[in-house]
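Visitor: I have a structure here, written as structure tokens, and I will follow up with some questions on it.
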Amino acid sequence: MRRIMFLAPFILLFLGACSSESQENYTQMLGAFERNDTELNTKLDDTAKNISSEANRDKALKSINEDIIPGVGDFRQTINNYTLTDENHVTVQDAMIDYLNEVEDLMELYSDFNEEFFFVNPLGDDSIDEKLSSALEDINAQEEDVSAAKVKVNQLIGDNQTE
């Protein structure tokens, strides 16, 4: 019995250290998320400008395929690297990863769309119009998913700050 009483302070100290480390990791993860998300949004804005300008379309596609999509993967790995033990912190981390998955899916849709539909329909083929409409609907739905995922991340972050 004495041994158990002797170990109790060490167990409490260990649990306190784990909680403190989780909080520190959570704070660092929030900072990394904010920095990387700001950088990602800047790249997305630049790419959108390039897509709208026909002269820079190839540059935009290269940016999406060689910079943004791999960058989202790196961003996701960065968020995954934080070890968290608090359940609320893990929930935020999972929401961040879901958001990044949605962004990556959207970028892949943008890439596919811009590769497939960058041409004129000289013969007035209705099937092309249907494919175009379907692709645009998919993109719009994915944009909504990205927005919803980002709102969820921000809400969870805000909820954890009030606790």
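Bear in mind that the values in this text are calculations on the coordinates, not laboratory data. Keep in mind it's a predicted model, so treat the numbers as computed, not measured.
Visitor: What number do you get for the range 41-112 when its Cα radius of gyration is normalised by 2.2 N^0.38 Å, N = residues?
Guide: 1.31
Visitor: Report the extension gain between Glu108 and Ile157 in nm, rounded to one decimal, defined as 0.36 nm multiplied by the number of residues separating them, less their alpha carbon distance.
Guide: Working it through step by step, the gained length comes to 14.9 nm.
Visitor: Over the range 55-97, one equal point on each Cα, no solvent: what is log10 I(q)/I(0) by the Debye formula at q = 0.17, 0.27, 0.31 Å⁻¹?
Guide: Reported log10 I(q)/I(0), two decimals: -0.56, -0.86, -0.99.
Visitor: Can you list the HN-Hα couplings for the range 67-82, worked out from phi with the Karplus curve (6.51, -1.76, 1.60; θ = phi - 60°), rounded to whole Hz and with x for Gly and Pro?
Guide: 10, 5, 4, x, x, 5, x, 5, 4, 4, 5, 4, 5, 5, 6, 7
Visitor: Hey, what do the phi angles of the range 150-160 turn into as Karplus ³J(HN,Hα) couplings, whole Hz, using 6.51/-1.76/1.60 and θ = phi - 60°, x for Gly and Pro?
Guide: 5, 4, 4, 4, 4, 5, 5, 4, x, 4, 6
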